[in-house]
1. In the range B:153-170, what residues are away from every other protein chain (no Cβ under 11 Å) and of a type in the set (Gly, Ala, Ser)?
2. Considering only residues that are more than 8 Å from chain B (Cβ to nearest Cβ), open to solvent by 40 Å² or more (accessible area, probe 1.4 Å) and within 16 Å of A:His64 (Cβ to Cβ), which ones fall in the range A:142-152?
3. Which residues, taken from the range A:43-54, are more than 14 Å from chain B (Cβ to nearest Cβ) and surrounded by 22 or more Cβ atoms within 10 Å (Cβ to Cβ)?
4. Any residue at all in the range B:149-156 that is without any contact (Cβ under 8 Å) to a residue 24 or more places away in the chain and in contact with a helix residue (DSSP H, G or I) (Cβ under 8 Å, 6 or more places away or on another chain)?
5. Give the range A:110-121 a look and list any residue that's surrounded by 12 or more Cβ atoms within 10 Å (Cβ to Cβ) and assigned to a helix (DSSP H, G or I), or say none.
6. If I go through the range A:124-141 residue by residue, how many of them are open to solvent by 60 Å² or more (accessible area, probe 1.4 Å) and either at pLDDT 95 or above or away from chain B (no Cβ under 11 Å) (or both)?
7. Within the bounds of the range B:22-32, is there any residue that is more than 14 Å from chain A (Cβ to nearest Cβ) and open to solvent by 20 Å² or more (accessible area, probe 1.4 Å)?
There are 2 protein chains.
Amino acid sequence: MHERTQVTMTPDQLFIATAISSWRQVVTRVGALCLGLNEEQLLGEVAPEKNRILYLWGHLTAIHDAMFSVLRLGERLHPELDAIFITQPDRSTPLPTSAQIAKCWEGVHTELLSRFMTLSPNEWLERHGNVSAEEFERNPTRHRLAVLLNRTNHAWYHLGQMMLAKPKAP
Amino acid sequence: MHERTQVTMTPDQLFIATAISSWRQVVTRVGALCLGLNEEQLLGEVAPEKNRILYLWGHLTAIHDAMFSVLRLGERLHPELDAIFITQPDRSTPLPTSAQIAKCWEGVHTELLSRFMTLSPNEWLERHGNVSAEEFERNPTRHRLAVLLNRTNHAWYHLGQMMLAKPKAP
């Protein structure tokens, strides 16, 4: 069914579907990795003295939650995560439990994806929320799609790190 | 000038320009990181018993070189890299020097980018080289643009790892 849907897409729709597919892929991989680890494994560092997996999971949750605002898709769900996972480095404040992060992770991504689906290809090329209309007129590359690709890249960057700490299968 | 060029772009062209910009960004970052490290630093592991930076640099060079074939953009420049950096894990064969990898890295990316510029938006939606025309008819998401995003993601994944081994600025 997925394939048949694609056949009827316009080029514009195909471009956007490709970008969203790339986003879904990293979200699925991060989720599968983290949900498959126990609390002790989640507290493993990705490398000596570097971030713990649980911190990176919360960090990605917070950054993605902020996408509601950056993409002008409504109120974000968990602004309280920023103080723990964005403005402070790992080990500066106690982290929420993995169950709490998992719940935020699921909620944020389900809701984000459903709002992505409401945007037309042209709306993806509208300005993002961190740029004024005047700035956007001077630099039309600062659109929503650029944010989506940027956050996708950011998630792959951290997934690469998290995978280093993944315990080997027995 | 860059900005003015963008203004006159069609939505299709903007989509592609955004994807290429995302690709350039990670290529620039990997290049700047690796070219800024000395031989000893390049031989540092990204985490205990994990790949060395130099290996990952060569790995990305080989994967990107293979894009000439996968994107059907002509002959690849360095097929000899595959045996060292794709089919074999790190530490199984002696690595080329960093100067040799740097030369391949520069050559591959200069040439790739110049060929990217020859493709129209619709050509980016044509099948990639690892899929037959029949398969592509059944699954039109297997186009060149999907390869570009996939390789961009792959590079961000490894950049995240390489950054862990980057020596702190004094």
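The values are calculated or read from the model by the stated rules, or taken from the named source; none is laboratory data. These figures come from a predicted structure and were not determined experimentally. Glycine gets a Cβ as well: all are built from the backbone with ideal geometry, and neighbour counts include every protein chain shown. Surface areas here come from the heavy atoms of the whole protein model, side chains and all, with no ligands, DNA or RNA. Shrake-Rupley method; radii C 1.70, N 1.55, O 1.52, S 1.80 Å.
1. Residue satisfying the conditions is B:Ala169 alone.
2. In the first step, residues of the range A:142-152 are kept if they are more than 8 Å from chain B (Cβ to nearest Cβ); the result is A:142, A:144, A:147-148, A:151.
Imposing the further condition that a residue be open to solvent by 40 Å² or more (accessible area, probe 1.4 Å) reduces the set to A:142, A:151.
If the condition is that a residue be more than 8 Å from chain B (Cβ to nearest Cβ), open to solvent by 40 Å² or more (accessible area, probe 1.4 Å) and within 16 Å of A:His64 (Cβ to Cβ), then A:Arg151 is the only one that fits.
3. Hit for the range A:43-54 is A:Leu54, nothing else.
4. Checked the range B:149-156: at least one residue is without any contact (Cβ under 8 Å) to a residue 24 or more places away in the chain and in contact with a helix residue (DSSP H, G or I) (Cβ under 8 Å, 6 or more places away or on another chain).
5. Those that are surrounded by 12 or more Cβ atoms within 10 Å (Cβ to Cβ) and assigned to a helix (DSSP H, G or I): A:Glu111, A:Leu112, A:Leu113, A:Arg115, A:Phe116, A:Pro121.
6. 5
7. yes
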